[in-house]
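Before any comments, here is the structure.
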There are 2 protein chains.
Amino acid sequence: MTPISTTQILDSLNWRYATKAFDASKTIPAETWAALEESLILTPSSFGLQPWKFLVITDKALREQLVPHTWNQRQVADCSHLVVMLAKKNMTEADVDQFIHRIAEVRGGTSDALAGYKGMMTGFFAKVTPDFIAGWAKNQTYIALGQFMGSAALLGIDTCPMEGFVPTQYDEILGLTGTDYTTSVLVPAGYRSPDDKYATLPKVRFEAKDVIEHR
Amino acid sequence: MTPISTTQILDSLNWRYATKAFDASKTIPAETWAALEESLILTPSSFGLQPWKFLVITDKALREQLVPHTWNQRQVADCSHLVVMLAKKNMTEADVDQFIHRIAEVRGGTSDALAGYKGMMTGFFAKVTPDFIAGWAKNQTYIALGQFMGSAALLGIDTCPMEGFVPTQYDEILGLTGTDYTTSVLVPAGYRSPDDKYATLPKVRFEAKDVIEHR
């Protein structure tokens, strides 16, 4: 692995911004999008449990249907690819077993040899509340969100993190009601419109002294 | 901004892993670390409100003191730089005012001209519960976590996301008890030890068909 330069990282993070208007005529090339999907899959998570799914929505009609449930923000319809990040609502022993099985499959060995690791995870989930688990899973999707937006920026792809939507409506329209998953956060990806005046506004961040403290 | 290649992104994400053993003799060069701190500052957040602080701990004695409250995991002591991500516990009108003031400072204009934006934010926070706000702020720190780990990997820096710690003990030791901030998540950064057997294990992720769905 050959590291990139610090300048490349900072240039891309300064280039990115929460895109308010996408150019609806532009589509992310297939090879670039495939890499971004792979980057979603590679996202780290607590225990490695990946308590998520990622819906990639390109169907225009479906996206138009979502706009009124997104505070009428058009990014979900005008972007190239809309990612709807779903979080698990609960964690059962079956979920842990599925992960243990996958470890054995990828690394070789048996599920029985991983009994200790399984016990640690099921023990953890047995001690916490359902609300805690839902919050924990949602947190993990935000790791995916952060990594995805950073990766996209480095590839010259615009994104916008979006929490402004009605989760129950999203769940209903996307067929998630009554399933183990719920809509956590949205991230449309594509290309900024030349008309987006937000693209050229100076980025607003607190000064280093206000957010970073050295001990 | 010159995009990097998809190969560079995927190589770095495949190179990274949750580092279990750091080489305690190695320190991240100052210029690299400065870029990583800048990347933390540049993290996107809901409304742009940045409801966080980042403690960067290099003091060895303090880090040793944290080990027993981190399920005895040595990464917090053996890494080069330990980042303790803090989340705001609440959002007051004064917090929103501080952000509005910063926008006016960076972009020019007056706080009064931003009254509409301020009203939208204070209106939002007035409608949700204190628990919701605490969860919301914690979510934002996970965007920082995801972006930070991705950036670090691209720079050849190892990290490990860590939720296995006792928040009340961390808050106590770090002097946060009674403040507006609480410990959200940890991310030690540095260099993997040559003895870390986890470095060479195949990465375990669910198959694309199990986590990505196209609509």
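The value obtained for segment A:113-182, namely the Cα convex hull volume divided by the number of residues, is 154 Å³ per residue.
Estimated at 0.36 nm per residue, the fully extended path between B:Glu93 and B:Ser111 surpasses their Cα-Cα distance by 5.1 nm. Between amide H atoms placed 1.01 Å from N, distances below 5 Å from B:Arg192 occur with B:Asp23, B:Asp158, all of them 5 or more places distant or on a separate chain. Summarising the label geometry, the points placed 7 Å from Cα in the beta-carbon direction at B:Ala208 and B:Ser25 lie 4.3 nm from one another. A point 7 Å from Cα along Cα→Cβ stands in for A:Thr7, and the other copies hold the same point at 2.2 nm, listed in rising order.
Counting only alpha carbon atoms, the long axis of helix B:115-126 and the longest principal axis of chain B meet at about 70°. By the gyration tensor of its Cα atoms, with a ≥ b ≥ c the square roots of the eigenvalues, what is the shape of the protein assembly as shown: rounded for a/c under 1.5, prolate for a/b over b/c, or oblate? Rounded, because the longest to shortest axis ratio a/c is under 1.5.
In this simple spin-label model, placing a label point 7 Å from the Cα along the Cα-to-Cβ direction at both A:Val128 and B:Ala61 gives a separation of 3.4 nm. Placing a label point 7 Å from the Cα of A:Ala34 along the Cα-to-Cβ direction, the residues of segment B:1-40 whose backbone N falls under 14 Å from that point are B:6-7, B:10.
Each of A:Asp131, A:Asp180 was scored by other Cβ atoms within 10 Å of its Cβ. Arranged with the fewest first, they read A:Asp131, A:Asp180. Between helix A:6-15 and chain A there is an angle of about 70 degrees, using the helix long axis and the longest principal axis of the Cα atoms.
As a rough guide to protection, the peptides B:27-39, B:135-147 ranked by mean Cβ packing within 10 Å, highest first, stand as B:135-147, B:27-39. Going by alpha carbons, how many degrees (0 to 90, nearest 10) lie between the helix axis of B:93-107 and the longest principal axis of chain B? The angle comes out at about 80 degrees. At a temperature of 37 °C and a viscosity of 0.692 mPa s, determine how fast chain A diffuses translationally according to Stokes-Einstein, using the Kirkwood radius over alpha-carbon pairs as Rh; express D in µm²/s, rounded to the nearest whole number. So the translational diffusion coefficient is about 171 µm²/s.
Just report the Cα centroid separation between segment A:19-76 and segment B:45-87, whole Å. Cα centroid of segment A:19-76 versus Cα centroid of segment B:45-87: 31 Å apart.
Any read-out appearing in this document is the output of simple, stated calculations on the displayed coordinates, not a laboratory observation. Because the structure is a prediction, the values reported are computed rather than measured. Cβ atoms come from the backbone with ideal geometry, glycine included; neighbour counts cover every protein chain shown.
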